[in-house]
There are 2 protein chains.
Amino acid sequence: MIKYPNKKTSFQKEVSYANRGMKFEEMINETNRYYLAHDIAMIHKKPIPVQIVKVDYPSRQGAVIKEAYYKIPSTTDYNGLFKGHHIDFEAKETNHKTSFPIKNIHPHQIDHLVNIEKHGGIAFVLIHFRVHDEIYLLEASKLKQYEDRSFKGRKSIHIDELRQDGYLIKESIAPRVDYLKIVKQLLEKQFAK
Amino acid sequence: MIKYPNKKTSFQKEVSYANRGMKFEEMINETNRYYLAHDIAMIHKKPIPVQIVKVDYPSRQGAVIKEAYYKIPSTTDYNGLFKGHHIDFEAKETNHKTSFPIKNIHPHQIDHLVNIEKHGGIAFVLIHFRVHDEIYLLEASKLKQYEDRSFKGRKSIHIDELRQDGYLIKESIAPRVDYLKIVKQLLEKQFAK
């Protein structure tokens, strides 16, 4: 069981990211419901991992969890299936105007995404710049390059780098964030090789 | 938010299944850790879905969830990636000697598994007969046939039917429950067609 975070400052940061992430998360969930309803893909958000310590049964209506703790996720938030391909990704949001801090993604999540690619899956991160209302898809292998750079240099990805290395997803009515349109292009590239 | 179950009797049943399921679940988790450590596959158990209502912050050590409720899972417990193939399954245990009751699997989970097959994934259920210490893998399409039968006839799968239609998995030291050995055979069959 992992109680996190350890420091007040980092904790406040987590809460603030979680709130900021809410709206983008809902956009992605809505998109996934569209994909499922239209039989396009089966992609789900994983539940938030919690360690349950104490459960009460106050009535026959059901169990109430009275003590539980957040655990650090061992994988990413989203995975699923699209035309026989395994899809795995993390969705992040930032209020920054010009860059996305690498530390917004857990290092083990980056490792997980890279590993998914190695095992033949499609792995990426979706980054939403709130200020510009721009969403970019960045493949795991490229995300990894930016993480490697962050160990000795720049700690973030500049939005111009995302415009160069990532793929812009235009928000639309339905599906709201059509990231599978980009995934289709990536698959076509793969098969063209 | 779904509070379940609604009746005391069905609740007691759930608890008892959950306890019985513990050991088998741990066997599967151990198997998945083996697959991951040996770079064979990336298969994870999804967290238990809970609806979090109230969170306290008693100290800088971290957040404590003080009120939460179990939600009915919308998908299955396990999914992941094996040699580029999407894997999705549910693991169930029974103390019955000669049959596995269909109602031990939620109907929407059966629908989910059938849908996974349709979208090009590998979907199945693992059934552990505690009394015989026998584990069977049954493909989603066959599970569906037994569910269809249960609407007008027999409500369970007889162990002899599983011996006929399913695949016996022999328990071993490492990996403990090598279900991917069967999945490999299924994939070879698919490609032989």
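Some points to look at:
- Only a single item in (1) modelled with pLDDT of 90 or more; (2) over 16 Å from the mean Cα position of the chain (by Cα); (3) charged (D, E, K, R) is not met by A:Arg60, and it is number (1).
- Total residues in the stretch B:24-46, condition in a loop (DSSP other than H, G, I, E, B) and out of contact with any Ser or Thr (no Cβ under 9 Å at 6 or more places or on another chain): 4
- Unmet requirement for A:Phe100, which otherwise passes all of (1) without any contact (Cβ under 8 Å) to a residue 60 or more places away in the chain; (2) more than 23 Å from A:Ile43 (Cα to Cα): (1)
- Considering residues of the stretch A:159-168 that are surrounded by 12 or more Cβ atoms within 10 Å (Cβ to Cβ) and of a type in the set (A, V, I, L, M, F, W, C) only, the residue farthest from A:Phe124 (Cα to Cα): A:Ile159
- Test: A:Gly84 is out of contact with any helix residue (DSSP H, G or I) (no Cβ under 7 Å at 6 or more places or on another chain), at pLDDT 95 or above and within 7 Å of chain B (Cβ to nearest Cβ): yes
- Any hit, the stretch B:89-105, residues being among the polar types (S, T, N, Q), surrounded by 13 or more Cβ atoms within 10 Å (Cβ to Cβ) and closer than 30 Å to A:Gln190 by Cα: no
- Filtered by the rule that a residue be of a type in the set (D, E, K, R), without any contact (Cβ under 8 Å) to a residue 12 or more places away in the chain and within 9 Å of chain A (Cβ to nearest Cβ), the stretch B:46-61 gives a lone residue, B:Arg60.
- Some residue of the stretch B:119-136 being surrounded by fewer than 17 Cβ atoms within 10 Å (Cβ to Cβ), touching a residue at least 24 places away in the same chain (Cβ under 8 Å) and β-branched (Val, Ile, Thr): yes
- Residues of the stretch A:17-45 that turn out to be modelled with pLDDT under 95 and within 12 Å of another protein chain (Cβ to nearest Cβ), as a count: 1
Results for (1) surrounded by fewer than 22 Cβ atoms within 10 Å (Cβ to Cβ); (2) among the hydroxyl-bearing types (Ser, Thr, Tyr); (3) within 14 Å of chain B (Cβ to nearest Cβ); (4) within 29 Å of B:Tyr70 (Cβ to Cβ), shown as yes or no for each residue.
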position: A:Ala63; (1), (2), (3), (4): yes, no, yes, yes
position: A:Tyr70; (1), (2), (3), (4): yes, yes, yes, yes
position: A:Ser74; (1), (2), (3), (4): yes, yes, yes, yes
position: A:Asp77; (1), (2), (3), (4): yes, no, yes, yes
position: A:Gly80; (1), (2), (3), (4): no, no, yes, yes
position: A:His108; (1), (2), (3), (4): yes, no, yes, yes
position: A:Glu117; (1), (2), (3), (4): yes, no, yes, no
position: A:Ile157; (1), (2), (3), (4): no, no, no, no
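- The stretch A:75-114, residues that are assigned to a strand (DSSP E or B) and acidic (Asp, Glu): A:Asp88, A:Glu90, A:Glu93
The values are calculated or read from the model by the stated rules, or taken from the named source; none is laboratory data. Since this is a predicted model, take the numbers as computed values, not measurements. Cβ sites come from the backbone with ideal geometry, for glycine too, and all protein chains shown count toward neighbours.
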